[in-house]
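In what follows, a single structure is set out as structure tokens and then discussed.
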Amino acid sequence: RADRVARQPRLAALLRQAAHLLWRPAPHGTELEGARAQELARAYEGLSELVFYNSDLRWLAAVVHAANHSDHCPVSAGFARPYALLGLVAGQLGWHEQAERYFSRALAVGRGSSDPSSLAVSLVVKATYHLELGQWEACQAEAERAVELCRRAGNHQTEGMAMTMLAMRYYFPGHITEASRSYERLLQHAERARNAQHLAWARYGSAILD
């Protein structure tokens, strides 16, 4: 499936998404059209996770396609992640105005969803954006809020990501004591959740602080 995404016209998908920034399309009118848009958005969102470590272009293509289909879904469907990821990409390219527009959309979708994890994921991605800009307080506030939402939803995966952002928030500006405590909390969380990825992050963080 990743190969099929790679062969699709990426430029057309990017232009479509750029047009959607200027003109937000309405959700599809019929129940069948709306269900199809949600199914496609969910499929591309899942695909973006599968190819994340394999190909930057395939990952970006999947995220753009997910956002394009999410644009035709109601806010309550909760497809916030593609918008947040496009915000992060825009920010990394220096397009901060566009980044803020994507993050605003992601947070609005997250707040309109019945699933707290939708908002939590958006907050974690925005915390990553602020971490990269060195905006420590904003990063901390977003990550802490994400942790609260994840604990309410029982989402251990996203909670571990938010806890990692908190540890990095202290590490990069040189607050070693707070960073060490944060990595220790992440380690305990990873061991309870039996999450190998978060366990690796926690051990790596603890090692560079020794």
ARG36 accessible area, assembled protein chains, probe 1.4 Å, Å²: 150 Å²
Accessible-area value, TRP136, 1.4 Å probe, nucleic acids and ligands omitted, Å²: 60 Å²
Residue-by-residue Karplus 3J(HN,Hα) for region 150-167, coefficients 6.51, -1.76, 1.60, Hz, glycine and proline x: 5, 5, 5, 8, x, 9, 6, 5, 5, 4, x, 5, 5, 5, 5, 4, 5, 5
Region 63-210 - accessible surface per residue (Å², probe 1.4 Å): 46 Å²
Area of PHE172 that stays accessible when all protein chains are in place (1.4 Å probe, Å², to 10): 120 Å²
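Taking 0.36 nm per intervening residue step and subtracting the Cα-Cα distance, what contour gain separates ALA43 from GLU144 on full extension?
Numbers: separation 101, 0.36 × 101 = 36.36 nm, distance 2.92 nm.
33.4 nm is the gain from fully extending ALA43 to GLU144.
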Region 44-70 and region 107-130: distance between their alpha carbon centers, rounded to Å: 18 Å
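The values are calculated or read from the model by the stated rules, or taken from the named source; none is laboratory data. A quick note: this is a predicted structure, and the numbers were derived from the prediction, not measured. Calculation scope for accessible area: heavy atoms of the full protein, side chains included, ligands and nucleic acids excluded. Shrake-Rupley method; radii C 1.70, N 1.55, O 1.52, S 1.80 Å.
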